[in-house]
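As structure tokens, the structure follows; a few thoughts come after it.
The values are calculated or read from the model by the stated rules, or taken from the named source; none is laboratory data. A quick note: this is a predicted structure, and the numbers were derived from the prediction, not measured. Here the Cβ is made from the backbone with ideal geometry for all residues, glycine too, and neighbour counts use every protein chain on show. Protein only, heavy atoms only, side chains kept; ligands, DNA and RNA dropped before computing areas. Shrake-Rupley method; radii C 1.70, N 1.55, O 1.52, S 1.80 Å.
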Amino acid sequence: MGAVQTGRLDPVTFEVLKNAFINLVDQMSEQILRTCYSFVIYARDFSNCLCNADGDTVMQGSQDIAVHVGTLHFTAKSVLDYFGRERIFPEDVFIVNDPYVGGTHFCDVRLIRPVFYDGRLIAFLQSNGHWADVGGSVPGSFDITAREHYGEGLRITPLKIWDRGEFRDDVANMLVANMRVPEDRLGDLRAQAEATRVGELRLLELCDKYGVDTVLAAFDECQDYVERIVRARLRELPQGTWETEDYIDADPTAGDGLIPIHVKMTISPDGIQYDLSGSHPYINCFLNSGFGATFSAIIAGTKTFFPDVPLNSGFYRVVSARLPDNSVVNAPCPIAVTGFCSGAYEKVMNAIFELWSTVLPERALACSFNLEYLLVGGWDRRPGYNTFFMWYDWMAGGWGARSNKDGTNATSSIFGVGLQQQPIEAQERLCPVITTKHEVRTDSAGPGRFRGGAGLEKGGILTLAEGAVISYCCDRARSITWGLFGGLPSIPHGVTLNPGTSRERYLGTVFSGVPIGSGDHFTRPSAGGGGLGDPLDRDPARVLEDVIDGYVSIERAAKDYGVVVRAIDPDVCLYEVDLPATEALRRELRSVRRQRLQEDPEEVRQRYVRGEIDQLDLVRHYGVILDWATNELLPKSTEQFRAMLARRAVQHWRDA
């Protein structure tokens, strides 16, 4: 990057101000961490940015969430569109959470402060925080049954919440009165507003020190700098067009059939063009995405392959997107979009990973696990509490395997790597939910020459509570986290209630408002990442290490990798590979694996029901998808899943 020349500013001044802008945004983040009320925000589900007077992003911080950053310029511009410059004054602060003007979903609430210098509007400071509840029909505001946004919580179009320095407490109280735990919501509102004030102070200090014209020139230079870097990189890449598809599991009202999201990427002298035409029309649940969130997925997916390049609106100048109207990737108001994060968003990102893995195979990355949220809300009846509670949980999982190494284990979702895992001890203090286990899920990693990262399994039990309900926002129980270039899939997602008892019930990946009572327990896995390369080409010594580490079982070492591992003394982790048996088994697997994917799905299902094969055999070796609650065959989903395996895995296998 150092070879890319800047323009109007000398290089030293430019670097000083560029890094000062990053530091400014990071100071905003530190302010939120120290003053927020919500445990969700404290776990870093927030982002901040500095925008210029036109609303274009100048700089993000060092740990902001990918999904937020790619949309913050839209909401800054929405304030300009709604109010006009003539109705924006010093010490105003605006609030907005509207996904239909370029936001993400209603839980992501943005506070936007205009910055004036000598009476001139020069910038906007913006803070986005995920509020644990914004109203709606279920605690946590994730209602899978919602077809329109009216059941998803309060929609806040751009609204002035501080008017020339005067806090509009009547408006604020009206907003939070429609949300659960309103005192937390009001506290987060003030924390975010204070963060923008800290950013304003730092920016004005820079203007006093360097001169406002120099600072404004640095705004432009930061964007121009990023644009020049990306265009220079593109000149070194092949030009052409690549396309692929990924899938949402289903439209819950339409029965069997995966929901396609089609992504076509063209690299040309003009930049990178994405065309999502051919994606499915919007569906009758909340897994749709608005245009802003889909654009953010495109930016985040692309940025993954330019990791050293800063992200601001200069990056957006190089990337264009065509999003078909009334589609699952561009749902209009009032279509429900709150679950976009588990639905369309990560499908677009992973599809883009696949496309760039073809263009830059040395940076290849298979599919990563799907973001998931588990929410339990109700009345806390523990002694000394007697209040409404919201247990709002997400898990780490496995990322996809890479071109020359395994995927990362137990990592935050690609949705936002800066998102931290919540400390269990704090969760248990705040809510009547006790964690019963939180451990690596053996065999969750997608097999490959390089295996995917391992996922986790987490269980919990509800203690003293009344009127509690449980909801889940996830996906990939059917469009299971896939491998690349011969690699195999991971495992299906899904929540099980009261496992191992007569009341065991598989709830699936998308449900809302399911009643639970004290003593009910639940568990769910996070998937591992997809494998990359033929698993029968994996070094047997590495498979042995995976068995010793608990990532792979002896049984699946044989089934998925064709490696025969003998247990000598498991108590001291002493195992060995039977190399002659391994060579024979690999020859056998190579001779039958293509044929398995052609077997009659119903006959395969019956073998599963009889216990002759297990769920991972179904998914990885036969490509058969069932309704995991009823064991009913899903013929259309199976056909689509097998076609996906043929394209991403089978065509890369060798027979000898």
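A compact table of results
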quantity: Subset of segment 186-215 (residues that are over 16 Å from V25 (Cα atoms), part of a helix (DSSP H, G or I) and open to solvent by less than 30 Å² (accessible area, probe 1.4 Å)); calculated: G187, D188, L189, V212
quantity: Entirely in segment 69-182, the strands (runs of 3 or more DSSP E) that have 2 or more residues that are among the small types (G, A, S) and surrounded by fewer than 24 Cβ atoms within 10 Å (Cβ to Cβ); calculated: none
quantity: Looking only at segment 507-516, and only at residues there that are more than 20 Å from the chain's Cα centre (by Cα) and outside any loop (DSSP other than H, G, I, E, B), the one that is farthest from G397 (Cα to Cα); calculated: P515
quantity: Subset of segment 256-270 [within 16 Å of I352 (Cα to Cα) and either among the hydroxyl-bearing types (S, T, Y) or surrounded by 23 or more Cβ atoms within 10 Å (Cβ to Cβ) (or both)]; calculated: I261, V263, M265, T266
quantity: Filtered residues of segment 290-348 (kept if β-branched (V, I, T) and either free of Cβ contacts under 8 Å to residues at least 24 places away in the same chain or under 21 Å from S268 (Cα atoms) (or both)); calculated: I298, I299, T302, T304, V309, V318, V319, V348
quantity: Single condition R34 does not satisfy, out of (1) farther than 23 Å from Y210 by Cβ; (2) of a type in the set (D, E, K, R); (3) not in a helix (DSSP H, G or I); calculated: (3)
quantity: Condition check for A218: among the hydrophobic types (A, V, I, L, M, F, W, C) and more than 24 Å from E354 (Cα to Cα); calculated: yes
quantity: Q273 being of a type outside the set (S, T, Y) and either surrounded by fewer than 14 Cβ atoms within 10 Å (Cβ to Cβ) or part of a helix (DSSP H, G or I) (or both); calculated: no
quantity: Matching residues, segment 523-539, being in contact (Cβ under 8 Å) with a residue 24 or more places away in the chain and over 24 Å from the mean Cα position of the chain (by Cα); calculated: G533, D534, P535, L536, D537, R538
quantity: Odd one out for H438, checked against (1) open to solvent by 10 Å² or more (accessible area, probe 1.4 Å); (2) closer than 24 Å to A297 by Cα; (3) in a strand (DSSP E or B); calculated: (2)
quantity: Checking A351 against (1) in contact with a strand residue (DSSP E or B) (Cβ under 6 Å, 6 or more places away or on another chain); (2) modelled with pLDDT of 95 or more; (3) closer than 26 Å to A132 by Cβ; (4) open to solvent by less than 10 Å² (accessible area, probe 1.4 Å), the condition it does not meet; calculated: (3)
quantity: Single unsatisfied condition, G55 versus (1) in contact (Cβ under 8 Å) with a residue 12 or more places away in the chain; (2) more than 26 Å from V319 (Cβ to Cβ); calculated: (2)
quantity: Considering residues of segment 471-514 that are among the hydrophobic types (A, V, I, L, M, F, W, C) and touching a His at 6+ places or on another chain (Cβ under 9 Å) only, the residue farthest from A351 (Cα to Cα); calculated: L497
quantity: Check on F291, open to solvent by 40 Å² or more (accessible area, probe 1.4 Å), among the hydrophobic types (A, V, I, L, M, F, W, C) and farther than 21 Å from C367 by Cα; calculated: yes
quantity: Within segment 234-255, considering residues that are open to solvent by 50 Å² or more (accessible area, probe 1.4 Å) and outside any strand (DSSP E or B), the one nearest to A344 (Cα to Cα); calculated: P252
quantity: Residue in segment 39-52 that is of a type in the set (F, W, Y) and either in a loop (DSSP other than H, G, I, E, B) or surrounded by fewer than 24 Cβ atoms within 10 Å (Cβ to Cβ) (or both) present; calculated: yes
quantity: Number of the condition not met by G519 [criteria: (1) farther than 22 Å from E632 by Cα; (2) in a strand (DSSP E or B)]; calculated: (2)
quantity: Condition broken by C333, with the remaining ones in (1) closer than 30 Å to E15 by Cα; (2) modelled with pLDDT of 95 or more; (3) open to solvent by 10 Å² or more (accessible area, probe 1.4 Å) satisfied; calculated: (1)
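Table: residues versus (1) closer than 30 Å to E30 by Cβ; (2) open to solvent by less than 10 Å² (accessible area, probe 1.4 Å); (3) part of a strand (DSSP E or B); (4) not hydroxyl-bearing (S, T, Y).
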residue: F369; (1), (2), (3), (4): yes, yes, no, yes
residue: L375; (1), (2), (3), (4): yes, yes, yes, yes
residue: F388; (1), (2), (3), (4): yes, no, yes, yes
residue: T442; (1), (2), (3), (4): no, no, no, no
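A quick yes/no check of all residues on (1) under 30 Å from T463 (Cβ atoms); (2) under 16 Å from the mean Cα position of the chain (by Cα):
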{"position": "K303", "(1), (2)": "no, yes"}
{"position": "N330", "(1), (2)": "no, no"}
{"position": "C333", "(1), (2)": "no, no"}
{"position": "V337", "(1), (2)": "no, yes"}
{"position": "S342", "(1), (2)": "yes, yes"}
{"position": "W379", "(1), (2)": "yes, no"}
{"position": "F389", "(1), (2)": "yes, no"}
